[in-house]
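Since the structure comes first, as structure tokens, the remarks are kept for the end.
The values are calculated or read from the model by the stated rules, or taken from the named source; none is laboratory data. Everything numeric here is computed off the predicted structure, so don't read it as measured data. Every residue, glycine as well, gets a Cβ built from its backbone with ideal geometry; the counts of neighbours run over all protein chains shown. Note: areas computed on protein heavy atoms with side chains; ligands, DNA, RNA excluded. Shrake-Rupley method; radii C 1.70, N 1.55, O 1.52, S 1.80 Å.
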There are 2 protein chains.
Amino acid sequence: MTAFDDLMAHQRDTEALGQILGRLHWDQEAMMPRGASVQRSEEIAALTAVLHARRTDPRMADWLAQAEAPDDAGAAALRLIARAHARATRVPGRLASEIARATSIAQGVWAEARARDEPALFLPSLAEVLDLKREEAAALAQGTDTAPYDVLIDDFEPGATAQGIGAIFDRMRPRLVALRAAVIDAPHQPPTLRGHFDRTAQMRLAREMAGVFGYDFAHGRIDEVVHPFCSGGGQDVRITTRTAEDDPFNCLYSTIHETGHAAYEQSIAPEYRLTPLGHGASMGVHESQARMYENQLGRSRAFCGWLHDRMTAEFGDLGLGGADGFYGAVNRINPGHIRTEADEVQYNLHIMLRFDLERALVAGDLAVADLECAWNDRFEADFGYGVPRASLGMLQDVHWSLGLFGYFPTYALGNVYAGCLHAALLRDVPDLDTHLGAGDPGPATDWLRTHLQVHGGLRTAGDTIRHAIGTDPDEGPLLDYLEAKFSALYRL
Amino acid sequence: MTAFDDLMAHQRDTEALGQILGRLHWDQEAMMPRGASVQRSEEIAALTAVLHARRTDPRMADWLAQAEAPDDAGAAALRLIARAHARATRVPGRLASEIARATSIAQGVWAEARARDEPALFLPSLAEVLDLKREEAAALAQGTDTAPYDVLIDDFEPGATAQGIGAIFDRMRPRLVALRAAVIDAPHQPPTLRGHFDRTAQMRLAREMAGVFGYDFAHGRIDEVVHPFCSGGGQDVRITTRTAEDDPFNCLYSTIHETGHAAYEQSIAPEYRLTPLGHGASMGVHESQARMYENQLGRSRAFCGWLHDRMTAEFGDLGLGGADGFYGAVNRINPGHIRTEADEVQYNLHIMLRFDLERALVAGDLAVADLECAWNDRFEADFGYGVPRASLGMLQDVHWSLGLFGYFPTYALGNVYAGCLHAALLRDVPDLDTHLGAGDPGPATDWLRTHLQVHGGLRTAGDTIRHAIGTDPDEGPLLDYLEAKFSALYRL
């Protein structure tokens, strides 16, 4: 066995154990009895410790120093293993334990603060988590001149920087604010869906939609939970969705979104399974697949025409005045405060707000005590109305309680990437609408599979997109698409 | 930290990882998509290797040498850890891998041989597995004068010996053969249930039965699978069951059986959770709980009276002529060849046959080539008719392909223990039938909980039963119970 073979054999078991950890999280949300949470947290802690020991195994430094990659895929795997090893070894065990403990507590405190709408309750926990994450960032950055927030971003979007993302977001913001304002004030407003829709029928239709978008049920399953997600990799990629009796769109489009995540994982070349290349390239690239399935494909006029007929067959007349009304209803932009309920336009504004605030928090330019005020000011500037209570503002998301600083921007980066991929797809498949109108996204999902998904983690996030579209990604295509789509829909 | 504390902390994580391994097996049978089996086997192999490394950790010998138990529970935990450590270290890694590989292949070969009814196809695999298990037994027995088969039994029923079990079985066999023959030839025969029974209603009733027998749904769940089983421990003990449209008894009594296993695990003292005491004392003691819930309680005349009314309410008239016919139908003894379909009387004969044959195989007194002939001769001697084909004979069980020599006798030991526990229960709760007749096994399950289940693995199997009943266990109560029950039912 060469050092490369030793390292890859070690990594293969680590990847297999990582799959098990993901399965435990799935089970916790989808299957676990409610009284098992203490034991489950002990199980997860034990397995996490095993994974940490494997990633910091002293033999890895020797293997990495001696390993010679036989090909490009091997070289990419070595880079990813070295990166994970460096990140794992740089953070002292004491600090990692502190972060695990503090975030576990902070999540509970956040939930109570949100339920009682008392931000002051959450601030001490948030301050502690923030301090620990800044300490972690300093440990990770040692010996480099990387800024702390960039180090944290790197955990989710390797290679991205706050400066690069900030430049994109700064160019997007004025055009999105303007588009949002025009749409909200437009005299023509699309209809809203009303009624009661059987949950069993929704789940049946959701499974059908997953199949339409290429989900492979032989290597996955769909279950109902509180918060939809996708988990697993390789031969076992599971998705979850939710149902609400008055809102079948939520179930269907959540399912199509998660199918985008799942199709990415399911389409990665089989020879990358249980290697570092057997995952999506980054959170942003992953989100681009989910967003494109959900929005550019699933909420297109062409596909909506087909879906309208399908839903009418299932539920009877929807009272939306036909396919055009249906298309309007699934794309309707409503005034609101909550990120997870936002449409294609406002979603990005929600993200930019969080990006600027968390960047300032990590840099030490914004104190936790001033966060609510800063949030509310920025919200009013972009959305034109205030935040009546913290549960509709800075307390709405779980992320910061979990220490997930640097995660939010990947959502909007995903939209930017999706815009680029959509433009490139339309060049290669000019008659896409004909297929979508027949309920067949196959030409689009095939294009994504061969141009992007099959390569998994072979390339960095930026190179993954560049390889698929042939140029550097930028925000232009997304903004052009949004302005064209919503100007037409709202007759601006 | 003392050596004892270090050892128990190490063990706690090992126990937590062991729970995860059990969960993976549950998921594989109950949830896993069909295309994920290769990856799942890699995940299980990786986690099994982690567990093996923890159980053979060189620090354990030092800890075990230095640890001082603070109390009886600590001393029992030390004994169990030392035992597992000794077993894990005595088997060379090369041999453990060989057994894993050979049994994995043999299981597939066995399935094909059974499907094609070709025993010759299976014999080479069986011979290889047997040789490897004999090698393992020799490794485990080194430095002692324990016989190979006793070493293998010890894996499932610590402390039991072939001689002790054989003496019990030899006393049971003539009385059971005679009872079986009398019953089969009796002029009066109970009715048989016929009809179609909605599977959803069966599952609803199965969940109700689990609740009636004390299953804690806050710390478990019930799902439908091909082969019923119970898995997990501590806060998360799951059971599975199956449905067949023409046989609701199978679903209900399988569920009550698994509820017995689950109630044992769920009732163990919470302070034993994630310690070596947090499991049942042995396979035999575990089986005694499952059998007692299923048979002595669930198939009693008193409980059958209540269940008859409950099932009639669910499915309408069952065509059995009332509660007496119902009681006869659930206890009916049918001529047949298959162990898993056998009743309370014949089941033990099936086990004794396997015990004698596998004991001879491991001792080298019976050649694999002569197994089918030996099986068929013995079957005809005990049951009075021949075995028409190997799938109804030596190919019917998966156990030997998996290397599970020494496992079969624990099923019948469980029946023997259940007989003893039932007799002791009736002394303490003389009006048990009044409660069972009202659909309330509570006084029985409470008695089992306080006398046996709560203690988990604190005592050896034999001491666990002795502690519960106050005397040494023997086969007398079981045989007296069976002869009385079936003589009355068949009007002998």
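For the reader, a short list of remarks on this structure follows.
- Whichever lysines have a C-alpha closer than 20 Å to that of residue A:133, once near sequence neighbours (fewer than 8 apart) are set aside: none
- Assuming charge only on the beta carbon of Lys and Arg (+1) and of Asp and Glu (-1), the dipole of the stretch B:146-492 about its Cα centre is about 300 debye to the nearest 20.
- Remark: the residue A:341-residue A:120 segment gains 77.0 nm on full extension, using 0.36 nm per residue and subtracting the alpha carbon distance.
- Rh (Kirkwood; distinct C-alpha pairs) - the stretch A:1-155, Å: 18.0
- A simple rule links phi to the HN-Hα coupling: the Karplus curve 6.51 cos²θ - 1.76 cosθ + 1.60 with θ = phi - 60°, which for the stretch B:5-14 gives 4, 4, 5, 5, 5, 4, 5, 4, 5, 4 Hz, with x for Gly and Pro.
- Solvent-accessible surface of the stretch B:183-330, taken per residue with a 1.4 Å probe and all protein chains present: 34 Å².
- Rounded if a/c under 1.5, otherwise prolate or oblate - the stretch A:156-492, Cα gyration tensor axes: rounded
- Summed over both chains, the accessible area lost when A and B associate is about 2900 Å², using a 1.4 Å probe.
- Remark: spin-label model distance residue B:131-residue B:433 equals 5.8 nm, labels positioned 7 Å along the Cα→Cβ axis.
- For the stretch B:232-252, a decrease in accessible area of 20 Å² or greater in the assembled protein chains relative to the isolated chain, with a 1.4 Å probe, applies to B:235, B:236, B:238.
- Note on the protein assembly as shown: Cα-only Rg and Dmax are 32.2, 94 Å.
- For the protein assembly as shown, the carbon plus sulfur part of the accessible surface works out to 51%, probe radius 1.4 Å.
- Based on protein heavy atoms only, the stretch B:3-145 ends up with 47 Å² per residue of surface accessible to a 1.4 Å probe.
- The stretch B:196-310 shape via C-alpha gyration tensor axes, a/c threshold 1.5: prolate
- In the protein assembly as shown, helical runs assigned H by DSSP with n ≥ 4 each contribute -39500 (n - 2.57); averaged across all residues and rounded to the nearest 500, the mean residue ellipticity at 222 nm is -20500 deg cm²/dmol.
- Along chain A, counting only GluC sites (Glu not before Pro) with a DSSP assignment other than H, G, I, E or B and at most 14 other Cβ atoms inside a 10 Å radius, the longest segment between sites is A:246-492.
- Sequence-ordered 3J(HN,Hα) estimates for the stretch B:126-137 from the Karplus curve with 6.51, -1.76 and 1.60 and θ = phi - 60° stand at 4, 4, 5, 4, 4, 4, 5, 5, 5, 5, 4, 4 Hz, glycine and proline given as x.
- In the stretch A:358-492, Cα pairs under 8 Å separated by at least six residues give a relative contact order of 22 percent.
- Note on residue A:224 and residue B:84: with the Förster distance fixed at 41 Å, the Cβ-Cβ geometry gives a FRET efficiency of about 0.55.
- For the stretch B:252-354, the gyration tensor built on C-alpha atoms gives an oblate shape. Its axis ratio a/c (a ≥ b ≥ c) is at least 1.5, and a/b is not larger than b/c.
- The trypsin sites (Lys or Arg not before Pro) of the stretch B:388-492 meeting both criteria, a DSSP state outside H, G, I, E and B (loop) and at most 14 other C-beta atoms within 10 angstrom of the site's C-beta, are B:389, B:491.
- Extreme residue, positive dipole direction of the stretch B:226-306, given options B:229, B:305, B:241 (C-beta unit charges): B:305
- Tilt relative to chain B, helix B:371-383 - C-alpha long axis, 0 to 90 degrees, to 10: 40
- Here each label is just a point 7 Å from Cα along the line to Cβ, and for residue A:454 and residue B:3 those points are 6.0 nm apart.
- Converting phi to 3J(HN,Hα) with the Karplus coefficients 6.51, -1.76 and 1.60 and the offset θ = phi - 60°, the stretch A:461-478 yields 4, x, 5, 4, 5, 4, 4, 6, 9, x, 9, 5, x, 8, 7, x, x, 4 Hz in sequence order, with x at every glycine or proline.
- Residues in the stretch B:18-44 occluded by at least 40 Å² - accessible area, probe radius 1.4 Å, against chain by itself: B:20, B:31, B:33, B:35, B:39, B:42, B:43
- Minimum 30 Å² accessible area buried by the other protein chains, the stretch B:195-221 residues, probe 1.4 Å, relative to alone: B:218, B:221
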